[in-house]
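Report on one structure; see the data block that follows.
The values are calculated or read from the model by the stated rules, or taken from the named source; none is laboratory data. Please read all numbers here as calculations on a predicted model, not as lab measurements. Note that we place each Cβ from the backbone using ideal geometry, even for glycine, and neighbour counts take in every protein chain shown. Please note that ligands, DNA and RNA were not included when accessible areas were found on the heavy atoms of the full protein model with its side chains. Shrake-Rupley method; radii C 1.70, N 1.55, O 1.52, S 1.80 Å.
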Amino acid sequence: MFGAVVVGIGRVGLVRIRDMLAPLPGSSAENITVKGFISRRSLDTQQGVPQISVEEAVNREDIQVAFICTENVSHEDSIRAFLHAGKHVCVEYPMAMSYKAAVELWDLAQEKGVILHEEHIELLTEEYKELKRAVEGKTLQEGTLHFTGEVLKTGFGFPAFSGIARLTWLVELFGKLSATAATLEEDSGNGYSKLTAKLLTSDNRLLTWIEERGPGCPRAKNINFQFDSCSLTKIPPAPAGAVGLFMQDLIHFSAKLSQQVSPEELQREKLRILHCLELAERIQLLCQH
Ligand code: NAD
């Protein structure tokens with residue numbers, strides 16, 4: 001059994017506690033027990049789980065795992081503290097706000113001999129799985145992924161990082177990408193922002209990624225993928241799966257803790273995560289120049 005602490009009691013932190021208290025029966029998630037949570041606020045017990053301090057969490061021998069569920073900008077420091085203490089870490093995406101920091105964190109995890117896992121629930125959705133099936137075997141000519149959503153609170157970072165889930169979709173669907181141009185339109189008065197990034201596949205096919213947020217913007221993903229044989233202009237509809245997305249991620253993470261995931265799979269995930277963070281950083285740089 002692995003004892004766990006949840007850092008950050010927002011939407012995701014509360015879901016993490018809920019899932020650990022009622023893991024999917026018969027799954028590897030049953031191997032994790034939540035022992036406490038950490039918050040900057042002084043809170044009552046949450047779902048029966050007590051608040052503890054960071055010092056207590058890093059020093060307790062019955063806590064071997066930390067779930068980092070805070071805003072993006074504070075992920076790096078939290079991960080570093082728990083890795084230093086020899087704890088396994090599951091962090092909500094993105095793990096860091098720079099490629100260099102992410103490489104350092106992976107190196108530290110390796111040195112300590114612990115698992116560093118970045119959650120990517122967007123790859124576990126039924127709509128993504130349908131889209132992946134629809135794209136498989138087709139040759140892309142050109143494509144666009146346009147995301148719209150509400151304004152984010154502060155602390156989620158540059159849109160290429162806060163929107164890393166969309167970038168990850170594109171990389172998983174079309175392979176390694178390079179960023180050639182990017183612009184950011186902003187109206188900081190009302191929180192509106194629109195990132196437009198031009199990406200090239202390894203055979204020089206253009207993908208345009210638009211990440212647009214503003215007050216009242218509906219949460220939506222619009223696609224237009226042109227293939228040599230057909231075009232795809234809607235994400236194929238798919239009913240939600242029987243197992244919740246964060247539960248699926250918990251099962252995947254606990255399978256890693258129990259050494260049920262092959263080294264090849266771990267390496268493939270790590271390379272994809274680092275590639276996406278490197279791309280996000282390049283997009284940020286292109287916007288600044
Ligand atoms: P949220 O704003 O609801 O929660 C963040 C919480 O962390 C807040 O309660 C905040 O007070 C707390 N916090 C911040 N710094 C802290 C610190 N140093 N110590 C303790 N607590 C601290 O945000 P959220 O929607 O729960 O998102 C959390 C993370 O999950 C983000 O990294 C986000 O990218 C990722 N994520 C969110 C979703 C989603 O659907 N909400 C999906 C996938 C990934």
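The numbered conditions (1) within 19 Å of the chain's Cα centre (by Cα); (2) buried (at least 17 other Cβ atoms within 10 Å of the Cβ); (3) assigned by TED's automatic domain parsing to the domain that holds Thr168 are all true for His252 except (3). The set of residues in segment 279-289 that are open to solvent by 90 Å² or more (accessible area, probe 1.4 Å) and in a helix (DSSP H, G or I) comprises Arg282, Gln288.
Being within 13 Å of the ligand (Cβ to nearest atom), without any contact (Cβ under 8 Å) to a residue 40 or more places away in the chain, surrounded by 16 or more Cβ atoms within 10 Å (Cβ to Cβ) and not assigned by TED's automatic domain parsing to the domain that holds Ser162 is a property that does not hold for Arg40. Listed by first and then second residue, the pairs with beta-carbon distance under 7 Å, at least 6 apart or on different chains, first residue in segment 82-102 and in the same structural domain as Phe161 (by TED's automatic domain parsing), second open to solvent by 10 Å² or more (accessible area, probe 1.4 Å), form an empty list.
With the requirement that a residue be farther than 19 Å from Ala85 by Cβ, crowded, with 16+ Cβ neighbours inside 10 Å and of a type in the set (Val, Ile, Thr), what does segment 43-66 give you?
If the condition is that a residue be farther than 19 Å from Ala85 by Cβ, crowded, with 16+ Cβ neighbours inside 10 Å and of a type in the set (Val, Ile, Thr), then Val49 is the only one that fits.
With the structure loaded, tell me whether Gln226 is out of contact with any Asp or Glu (no Cβ under 9 Å at 6 or more places or on another chain), open to solvent by 50 Å² or more (accessible area, probe 1.4 Å) and not hydrophobic (A, V, I, L, M, F, W, C) or whether it fails that test. Criteria not met by Gln226. Candidates in segment 1-24 are the residues that are without any contact (Cβ under 8 Å) to a residue 60 or more places away in the chain and more than 15 Å from the ligand (Cβ to nearest atom); of these, the one that is most open to solvent (accessible area, probe 1.4 Å) is Met1.
Could you go through segment 66-84 and let me know if any residue there is in a loop (DSSP other than H, G, I, E, B) and more than 10 Å from the ligand (Cβ to nearest atom). Looking through segment 66-84, none of the residues is in a loop (DSSP other than H, G, I, E, B) and more than 10 Å from the ligand (Cβ to nearest atom).
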